[in-house]
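This report refers to the structure that appears directly beneath it.
The values are calculated or read from the model by the stated rules, or taken from the named source; none is laboratory data. Everything numeric here is computed off the predicted structure, so don't read it as measured data. Every residue, glycine as well, gets a Cβ built from its backbone with ideal geometry; the counts of neighbours run over all protein chains shown. Each accessible area value is taken on the protein alone, full model and side chains, heavy atoms only, with ligands, DNA and RNA left out. Shrake-Rupley method; radii C 1.70, N 1.55, O 1.52, S 1.80 Å.
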Number of protein chains: 2
Amino acid sequence: MMAIGEIIAIGDELLVGEVMDTNSFELAGELYKAGFVVNRITVVGDEHQSIQDVLLSSLNKVDFIVLTGGLGPTWDDKTVKAVAEALNLPLKRNEEAYQHLKTCLAKRGKKFLPAHEKMALLPKGSQPIGLAFHACGFKLLYQGKHLYFLPGVPKQMSKILKNQVLPDLKTAFPSPSLIYKKTLRIFGLSESEVEEKVAELWTDFPEIKPSSLPCFPEVHLVLRSPQKKILNQVVDKIKDILGHDIFGEDTETMPQVVGKLLLKKGYKLATAESLTGGLIGHLITSVAGSSDYFDRGVITYSNQAKMEILGVPAEIIDTYGPVSKQTAKYMAAGVRHLAKSNVGLAVTGYAGPTGGPEAPVGTVFIALAKSEDGIEVSEYFFSGSREEIKMLTAMTALDKLRRYLIS
Amino acid sequence: MMAIGEIIAIGDELLVGEVMDTNSFELAGELYKAGFVVNRITVVGDEHQSIQDVLLSSLNKVDFIVLTGGLGPTWDDKTVKAVAEALNLPLKRNEEAYQHLKTCLAKRGKKFLPAHEKMALLPKGSQPIGLAFHACGFKLLYQGKHLYFLPGVPKQMSKILKNQVLPDLKTAFPSPSLIYKKTLRIFGLSESEVEEKVAELWTDFPEIKPSSLPCFPEVHLVLRSPQKKILNQVVDKIKDILGHDIFGEDTETMPQVVGKLLLKKGYKLATAESLTGGLIGHLITSVAGSSDYFDRGVITYSNQAKMEILGVPAEIIDTYGPVSKQTAKYMAAGVRHLAKSNVGLAVTGYAGPTGGPEAPVGTVFIALAKSEDGIEVSEYFFSGSREEIKMLTAMTALDKLRRYLIS
């Protein structure tokens with residue numbers, strides 16, 4: 001039995017271009033992966049009549065509805081009341097939710113405010129969900145339809161979805177159509193370059209549903225099939241074709257992959273950042289346990305800092321400029337020396353909006369010091385906003401390190 | 001006259017979590033800014049019946065509809081046929097669109113394929129739009145409703161929206177209801193704490209439409225009103241109540257606000273980061289021109305690095321641990337001294353998943369060195385994921401600096 005559902009997102013902020021509706025995106029993806037079909041996503045504002053209309057118009061077409069938003073304590077949260085009226089159910093204080101809310105607030109040293117009272121009022125017959133995550137959602141079985149009401153805060157929504165809604169739906173609709181999925185994460189090729197290289201496979205394997213997604217600054221190639229064996233076969237073929245341009249699979253991130261490689265080799269890394277301003281260090285330390293291979297980094301934003309901390313000679317900066325192959329080289333060697341690490345990774349460049357006398361905006365040098373004398377420097381020209389150039393630089397630097405570590 | 005509309009987005013990829021519906025987000029924002037009201041956004045798949053249903057159910061509630069997606073040449077593009085049938089209009093080849101398509105393809109050295117024929121077939125009465133941008137959309141005036149059909153490719157959609165749809169709507173509905181908006185950005189108070197402090201205003205000023213948005217780790221209070229004077233009045237009242245807990249307005253970010261304050265005082269800042277791993281530096285350097293007040297930072301992840309680069313005494317770390325008031329103090333003083341800056345900002349703590357012998361996960365010390373002896377240290381306990389604790393620490397550090405600079 002294939003269960004069919006709809007997603008409803010509520011919030012004025014979603015209708016005025018203020019907040020992007022990432023909840024519906026995540027819900028659709030997770031439901032799909034679990035084998036459920038979503039026929040429609042509807043976004044309406046915090047408005048009594050709109051909420052009622054969309055709920056009632058969806059109800060008779062579906063097996064389940066997942067609704068997010070408008071459950072909070074504030075004035076503009078109108079979902080619960082609208083739902084209760086639409087379904088003609090009285091609002092009642094739910095003792096479980098009420099006590100839980102009180103305990104949570106007390107634990108965090110917060111007062112129980114009148115605004116919180118409202119959060120424990122649920123339509124009769126509802127069952128609170130999400131309490132384990134300090135969030136307050138609820139579930140309602142109404143005329144055989146499974147209705148889930150989740151908070152709009154993405155993190156809370158996500159936890160309740162994965163821990164309660166999906167298991168609950170799987171119990172209610174026991175044999176959803178399972179679809180196997182593999183994501184290959186690519187760095188260094190554009191979407192069309194990937195497509196060009198692998199396109200012939202799609203005619204050979206019509207069972208595979210491929211989609212290529214630009215996830216800045218990566219490209220993700222997502223493959224789906226109801227047949228696990230064929231999926232694995234195609235994944236192997238693509239790995240042969242793309243080789244090291246694939247840096248990871250599924251949820252693996254670039255810093256995780258680099259971290260694993262450093263650990264495996266027993267290497268320590270040190271970083272010297274100019275234009276990225278700390279972003280490389282931030283990415284590396286996003287991985288738990290990164291202190292095992294990352295000991296220190298420096299953000300040398302000014303010439304003075306490059307000279308004082310890293311020992312870049314003044315005449316090098318004077319002659320070639322701070323954004324140059326030579327400066328990058330001295331930075332990488334300098335930080336490797338400073339940290340007594342196996343590898344030193346350095347970046348210098350112009351993130352914009354303006355460039356410098358020696359190079360235009362988007363010019364970036366990345367240097368990797370592997371030994372006293374073994375220093376590799378490459379030059380890049382990136383385009384995009386300041387934030388994009390910073391991110392492209394940081395990810396390219398990590399990718400350069402990755403390719404060195406697997407070579 | 002206030003024109004009311006709906007947005008419809010079409011595409012299977014939007015219902016399976018593969019592609020995020022950024023088009024509706026942009027459309028909603030641009031329409032709102034131009035003074036038009038969007039009541040609903042609906043996303044359906046490339047499915048004949050669904051497209052018809054949503055179009056017909058919207059038609060009688062609106063002045064205009066903007067629909068995106070499903071206009072392309074491939075077999076999964078079903079919008080035009082579904083629309084023609086729903087509105088009971090025959091499909092006819094549009095000569096203008098046809099010739100334009102031919103010319104465009106020829107220019108790019110591409111063949112005119114049978115699949116392209118389809119793109120010039122439009123419902124009778126339609127007027128092609130977007131041709132100047134090598135995109136093919138169309139407009140239809142149907143029973144007094146303004147209907148716009150745009151391609152799903154975001155760049156094409158965006159161009160046609162700004163160059164044709166918005167001007168056309170402004171001509172059709174000459175005096176849109178301008179709604180004034182002010183966003184107050186708050187740091188250091190929870191959503192309910194904000195609500196508690198300002199709630200009484202909502203009864204005094206029913207003309208104001210408030211919404212409070214948790215934008216981790218900030219809270220945004222968004223106020224809307226058709227009357228600018230009343231909006232300003234309420235904004236002033238809220239500023240009186242919340243004071244320095246409001247750090248910025250509208251699109252101002254914390255690093256921008258801190259940067260402006262540093263510039264104004266002519267101060268230089270240096271940072272010493274442990275658990276944040278470079279995130280504070282990354283945030284500071286997200287602002288163009290930050291090199292005017294940010295010269296350097298260090299990421300001292302290990303004890304060794306804290307001692308060697310910042311001169312934290314070994315006995316301090318041995319006695320109190322790396323996550324302690326004392327270590328934070330020496331770090332801030334050390335980096336201020338190293339950079340010869342006016343202020344030194346330092347953080348040390350446990351981002352998780354595990355804590356240390358001296359303190360549990362989430363324990364964070366933030367130190368601000370303002371002079372040789374004037375060092376302020378505060379202790380915090382943050383909860384959340386590793387990424388969240390890093391972000392909370394970085395933002396709290398910047399906020400601490402901000403409050404010092406305005407004091």
Name the one entry in A:Ala106, A:Ala82, A:Ala115 that is out of contact with any strand residue (DSSP E or B) (no Cβ under 7 Å at 6 or more places or on another chain) and within 17 Å of A:His48 (Cα to Cα). A:Ala82
Quick one: would you say B:Ser324 is more than 10 Å from chain A (Cβ to nearest Cβ) and of a type outside the set (D, E, K, R)? yes
From the list B:Leu71, B:Leu122, B:Leu101, B:Leu89, pick out the single residue that is open to solvent by less than 80 Å² (accessible area, probe 1.4 Å), in a strand (DSSP E or B) and in contact with a helix residue (DSSP H, G or I) (Cβ under 9 Å, 6 or more places away or on another chain). B:Leu122
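Just checking, which of A:Ile7, A:Ile41, A:Ile65 is away from every other protein chain (no Cβ under 11 Å), closer than 28 Å to B:His48 by Cβ and at pLDDT 95 or above?
Answer to the selection: A:Ile65.
Just name the residue that is farthest from the other protein chains (Cβ to nearest Cβ) out of those in segment A:25-35 that are farther than 15 Å from A:Ile160 by Cβ and assigned to a helix (DSSP H, G or I).
Only one residue tops the list, namely A:Lys33.
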Single condition A:Glu200 does not satisfy, out of (1) under 30 Å from A:Pro73 (Cα atoms); (2) over 27 Å from the mean Cα position of the chain (by Cα); (3) open to solvent by 10 Å² or more (accessible area, probe 1.4 Å): (1)
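Suppose the filter is open to solvent by 80 Å² or more (accessible area, probe 1.4 Å), within 14 Å of chain B (Cβ to nearest Cβ) and out of contact with any Phe, Trp or Tyr (no Cβ under 9 Å at 6 or more places or on another chain); does A:Lys162 pass it?
Yes: the conditions hold for A:Lys162.
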Could you give every pair whose Cβ atoms fall below 6 Å, whose first residue belongs to segment B:161-181 and is within 14 Å of B:Ile4 (Cα to Cα), and whose second residue is in a loop (DSSP other than H, G, I, E, B) and of a type in the set (A, V, I, L, M, F, W, C), counting only separations of at least 6 or pairs across chains? B:Leu166/B:Ala34; B:Phe173/B:Met1; B:Phe173/B:Ala3; B:Pro176/B:Phe36; B:Ser177/B:Met2
How many residues, within segment A:10-21, are in a helix (DSSP H, G or I), of a type outside the set (Asp, Glu) and at the interface with chain B (Cβ under 7 Å from one of its Cβ atoms)? 1
Contacts under 9 angstrom Cβ, first residue in segment B:382-399 being under 12 Å from A:His282 (Cα atoms) and in contact (Cβ under 8 Å) with a residue 24 or more places away in the chain, partner β-branched (Val, Ile, Thr) and open to solvent by less than 20 Å² (accessible area, probe 1.4 Å), 6 or more apart: B:Arg386/A:Thr285; B:Lys390/A:Thr285; B:Lys390/B:Thr276; B:Met391/B:Thr276; B:Ala394/B:Thr276; B:Ala394/B:Ile280; B:Ala394/B:Val347
Can you find a residue that is farther than 21 Å from B:Tyr180 by Cα, outside the structural domain of B:Gly297 (by the TED database) and open to solvent by less than 60 Å² (accessible area, probe 1.4 Å) anywhere in segment B:221-241? no
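Do you know which of the residues in segment A:284-307 that are within 8 Å of chain B (Cβ to nearest Cβ) and open to solvent by 10 Å² or more (accessible area, probe 1.4 Å) is modelled with the lowest pLDDT?
Top of the filtered list is A:Asp295.
Residue-wise test of (1) modelled with pLDDT of 95 or more; (2) closer than 17 Å to A:Glu218 by Cα; (3) open to solvent by less than 60 Å² (accessible area, probe 1.4 Å); (4) not acidic (Asp, Glu).
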residue: A:Pro353; (1), (2), (3), (4): no, no, no, yes
residue: A:Glu358; (1), (2), (3), (4): no, no, no, no
residue: A:Gly362; (1), (2), (3), (4): yes, no, yes, yes
residue: A:Ile375; (1), (2), (3), (4): yes, no, yes, yes
residue: A:Tyr380; (1), (2), (3), (4): yes, yes, yes, yes
residue: A:Glu388; (1), (2), (3), (4): no, yes, no, no
residue: A:Thr393; (1), (2), (3), (4): yes, yes, yes, yes
residue: A:Leu405; (1), (2), (3), (4): yes, no, yes, yes
Could you check how many residues of segment A:262-283 are within 25 Å of the chain's Cα centre (by Cα), open to solvent by less than 20 Å² (accessible area, probe 1.4 Å), within 10 Å of chain B (Cβ to nearest Cβ) and in contact (Cβ under 8 Å) with a residue 24 or more places away in the chain? 7
Can you pull out every residue in segment B:16-30 that is at pLDDT 95 or above and open to solvent by less than 20 Å² (accessible area, probe 1.4 Å)? B:Asn23, B:Ser24, B:Leu27, B:Ala28
Of all residues in segment B:44-60, count the ones that are closer than 28 Å to A:Arg224 by Cβ, more than 8 Å from chain A (Cβ to nearest Cβ) and in a loop (DSSP other than H, G, I, E, B). 2
Of all residues in segment B:173-196, which are away from every other protein chain (no Cβ under 14 Å) and in contact with an Asp or Glu (Cβ under 8 Å, 6 or more places away or on another chain)? B:Phe173, B:Phe187
Identify, by number, the condition in (1) open to solvent by 60 Å² or more (accessible area, probe 1.4 Å); (2) over 27 Å from B:Leu310 (Cβ atoms); (3) not β-branched (Val, Ile, Thr) that A:Lys340 doesn't meet. (2)
Filter result for the condition that a residue is of a type in the set (Ser, Thr, Tyr), open to solvent by 50 Å² or more (accessible area, probe 1.4 Å) and under 11 Å from A:Ala272 (Cβ atoms), over A:Tyr320, A:Tyr330: A:Tyr330
Just one listed residue, out of A:Gly144, A:Gly109, is surrounded by fewer than 19 Cβ atoms within 10 Å (Cβ to Cβ), farther than 30 Å from A:Val219 by Cα and modelled with pLDDT of 90 or more, and it is A:Gly144
Can you name every residue in segment B:233-257 that is touching a strand residue (DSSP E or B) at 6+ places or on another chain (Cβ under 8 Å) and assigned to a helix (DSSP H, G or I)? B:Val234, B:Val235, B:Ile238, B:Lys239, B:Leu242, B:Asp245, B:Met254, B:Gln256, B:Val257
Residue that is surrounded by the fewest Cβ atoms within 10 Å (Cβ to Cβ) [pool: residues in segment B:205-220 that are within 25 Å of A:Phe112 (Cβ to Cβ) and out of contact with any Leu (no Cβ under 9 Å at 6 or more places or on another chain)]: B:Cys215
With respect to the numbered conditions (1) open to solvent by 30 Å² or more (accessible area, probe 1.4 Å); (2) among the polar types (S, T, N, Q); (3) closer than 23 Å to B:Glu200 by Cβ, which one is the sole condition not fulfilled by A:Ser57? (3)
